[in-house]
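*Asks:* Here it is, the structure, as structure tokens.
Read-outs throughout are calculated quantities, based only on the coordinates presented, and are distinct from any laboratory measurement. These numbers were taken from a predicted model, which means no experiment stands behind them. Methodologically, a virtual Cβ is constructed for each residue, glycine included, from the backbone with ideal geometry; neighbour enumeration extends over all protein chains shown.
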């Protein structure tokens, strides 16, 4: 059993300052350069990982690579399995795999002065690739990410989308539009919804080197857009989703233009704000379609171009010349900057005990007076504390930083409650709690009991006439 603490659907009865954060990525070790970008990894029966990636560029041929790795750093048996000719290709690509369909797809863009189109190549073994006879599948595809959602039984792409926006007060590449994320889905990798084109390069007007768009754009029902908590100049430059432990995460690059004039360094002459990044925000989802932003505007969340590899106690992403990620289960955490508490979903106790992935204090939190803590108690279905499992008997103070800290109540580990349905109430201050695990307990959902995810209502989309 594993409970990750990623967003508000993972906690119940919150009290105090319960909120969520995302861990900053760590560089694990120097990594030998490889000649391609990793786009897909899949664990093999022997514990190694199959690796598929690509080498691409603007208006040049592109190649699909394949390799294996045992440590996430060093690659073996590196080889080119597909070489696609042509000078019309763009600079991005993404490989997705559906275990239910037994199908790989590679999404690849073309680029010219009229815009982008998306092409699909497919394979059943990862070695032999065939272009889809119905290419292109839609018109869009500058920067994008993608994932196969077993929950939704869909391939999901999240390309950078363009949305009409008349409140843009800053100079930028688009004067009357902003970048959002489009969501396009397919049950088979070939037929996509929506198929509506986003031809924003067509019928544009240039003013002081920047663009005013007149062409029809995709409607907001297929887009993930900003809300009233975002500053009016903020845009979503790119979204890269990945799956981990039955959940879906997406690193979203937040971005903004500038009040400075075009061609003032570092802003380009066309207004594109080179250096305009506002950080990588980590979004969360249970199906890859409906997303929440529990650490909105958090600027250091992990982003990856492939599903991560679990290597020992590390979750690893492999770049062309680097390998980094987070310790196991530490993409996100629940915390409280003042005295706070929450209750977990219910579970059926086993005999192997409960373990907490925890840090006291949380990263960057002052603990000079040792005031930060985590306490835990077990409660029954009625919310009453179970005798012998009160919070006074399970206290954790810093410094404490463990991936699997055993919960003990005056020496008891809960094994005497095996078969009983309980919940864990966690009290905390200035600490990060990443996950609750057990080798043999069962989540309430797995045991057939009721489990209701509770999510706060989404913010409205309204802005006033000034764009605020």
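*Asks:* How are the alpha carbon pair distances in region 144-228 distributed across 10 Å bins from zero to the largest one, expressed in percent?
*Replies:* With 10 Å bins starting at 0, P(r) equals 17, 42, 27, 12, 1.
*Asks:* Considering the zone a paramagnetic label at residue 421 would reach in this model (a point 7 Å from Cα along the Cα-to-Cβ line), which residues of region 360-403 have amide N under 18 Å from it?
*Replies:* The answer is 378-386.
*Asks:* Related question: Alpha carbon centre of region 1-63 versus region 256-320: separation in Å?
*Replies:* So the two Cα centres are separated by 13 Å.
*Asks:* Among rounded, prolate and oblate, which fits region 184-309 when a ≥ b ≥ c are the square roots of the eigenvalues of its C-alpha gyration tensor, a/c under 1.5 means rounded, and a/b larger than b/c means prolate?
*Replies:* Oblate, since a/c reaches 1.5 and b/c is not below a/b.
*Asks:* So what does the Cα-only Debye profile of region 255-372 read at q = 0.12, 0.14, 0.23 Å⁻¹, as log10 I(q)/I(0), no solvent term?
*Replies:* The Cα Debye sum returns log10 ratios of -0.74, -0.94, -1.36.
*Asks:* Using the beta-carbon distance between residue 401 and residue 289 and R0 = 30 Å, what value does 1/(1 + (r/R0)^6) give for FRET efficiency, to the nearest 0.05?
*Replies:* Computed FRET efficiency for residue 401 and residue 289: 0.30.
*Asks:* What does the convex hull of the Cα atoms come to per residue for region 312-429, in Å³?
*Replies:* 131
*Asks:* Please work out the Cα center distance from region 104-159 to region 179-195, rounded to the nearest Å.
*Replies:* Value for the Cα centre distance between the two parts: 9 Å.
*Asks:* What FRET efficiency comes out for residue 408 versus residue 270 if R0 is 60 angstrom and r is the Cβ-Cβ distance? Round to the nearest 0.05.
*Replies:* Here the calculated transfer efficiency is 0.45.
*Asks:* I've got another one for you. In square nanometres and to one decimal, what's the mean projected area of the convex hull around the Cα atoms of region 393-441?
*Replies:* 4.0
*Asks:* Need the full-extension length gain, residue 204 to residue 380, defined as separation in residues times 0.36 nm minus the C-alpha distance. One decimal, nm.
*Replies:* 57.0 nm
*Asks:* Take every Cα-Cα distance within region 1-102, group them into 10 Å bins from 0 onward, and report for each bin the whole-number percent of pairs it holds.
*Replies:* 12, 29, 28, 19, 10, 2
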